[in-house]
Amino acid sequence: MDEKEIVRRAKSGDVAAFEVLVRRYWEKVYRLVESMVGQPDAEDVVVETFVKAWQSLPNFRGQSSFGTWIFRIAVNQAKQWLRKMAAVQLEPLDAEWDDEPIPLWEVEAIALERDWQRRVKTAVQNLPEHLRLPLLLRFWGELSYPEIAQVLGIKDSTARMRVVTALKFLAAKLGLTERPNRGRKQ
């Protein structure tokens with residue numbers, strides 16, 4: 001069954017049809033939201049996203065794909081969550097450790113991988129929002145440039161330019177830019 005038919009059925013109150021849409025988009029929406037709000041809060045925001053989508057489904061006009069529409073809701077829910085969390089001071093919980101020891105030869109590899117993931121996440125979070133959101137939608141949300149443009153209300157070319165600019169900023173921040181060999185003979 002094509003997506004337009006599933007959406008039509010969901011709009012008429014068919015819960016099973018909406019569940020099909022949830023299963024189809026849950027993972028992509030989760031990855032996008034997690035990249036915006038972090039792992040501990042991502043599932044709550046995704047649930048809120050789909051609740052909001054279900055409540056707003058009668059107003060969905062089909063001018064964009066359901067995927068574009070749900071990502072727009074997810075971005076707005078994540079932004080709202082971040083504003084709410086910024087107003088609340090929470091004390092960090094102690095990290096939980098497994099009882100099973102990690103072999104010493106794996107510790108360095110795990111530490112390096114986690115350090116790299118932390119550095120990338122921090123660099124992405126430090127991008128200005130107008131660059132961060134298109135990047136997140138492209139790589140975590142796996143949206144096309146026209147879909148990104150629809151979600152953010154910008155032109156396709158602007159979406160593409162912002163993703164490229166964000167990648168250049170990240171490469172520079174992470175020390176991944178190529179440096180020319182000046183004056184060296186090979």
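The values are calculated or read from the model by the stated rules, or taken from the named source; none is laboratory data. Quick caveat: nothing in here was measured; it's all calculated off a predicted structure. Here the Cβ positions follow ideal geometry from the backbone for every residue, glycine too, while neighbour counts run over all protein chains shown. Quick note on the areas: whole protein, heavy atoms, side chains included, nothing else; ligands and nucleic acids left out. Shrake-Rupley method; radii C 1.70, N 1.55, O 1.52, S 1.80 Å.
Points to keep in mind about this one:
- Qualifying residue in region 49-70 (condition: of a type in the set (A, V, I, L, M) and open to solvent by 30 Å² or more (accessible area, probe 1.4 Å)): yes
- Residue count for region 71-89, restricted to those that are free of Cβ contacts under 8 Å to residues at least 60 places away in the same chain, aromatic (Phe, Trp, Tyr) and open to solvent by less than 20 Å² (accessible area, probe 1.4 Å): 0
- In region 110-141, residue surrounded by the fewest Cβ atoms within 10 Å (Cβ to Cβ) [restricted to those that are touching a residue at least 12 places away in the same chain (Cβ under 8 Å) and among the β-branched types (Val, Ile, Thr)]: 120
- Test: residue in region 27-40 that is open to solvent by less than 80 Å² (accessible area, probe 1.4 Å), out of contact with any His (no Cβ under 9 Å at 6 or more places or on another chain) and more than 20 Å from residue 138 (Cα to Cα): no
- Long-range neighbours under 7 Å by Cβ, at least six apart or interchain, first residue under 17 Å from residue 66 (Cα atoms) and part of a helix (DSSP H, G or I) within region 13-42, second charged (D, E, K, R) and open to solvent by 10 Å² or more (accessible area, probe 1.4 Å): 17/9; 28/142
- For region 153-162, a tally of residues being surrounded by fewer than 20 Cβ atoms within 10 Å (Cβ to Cβ) and under 22 Å from residue 30 (Cα atoms) returns 1.
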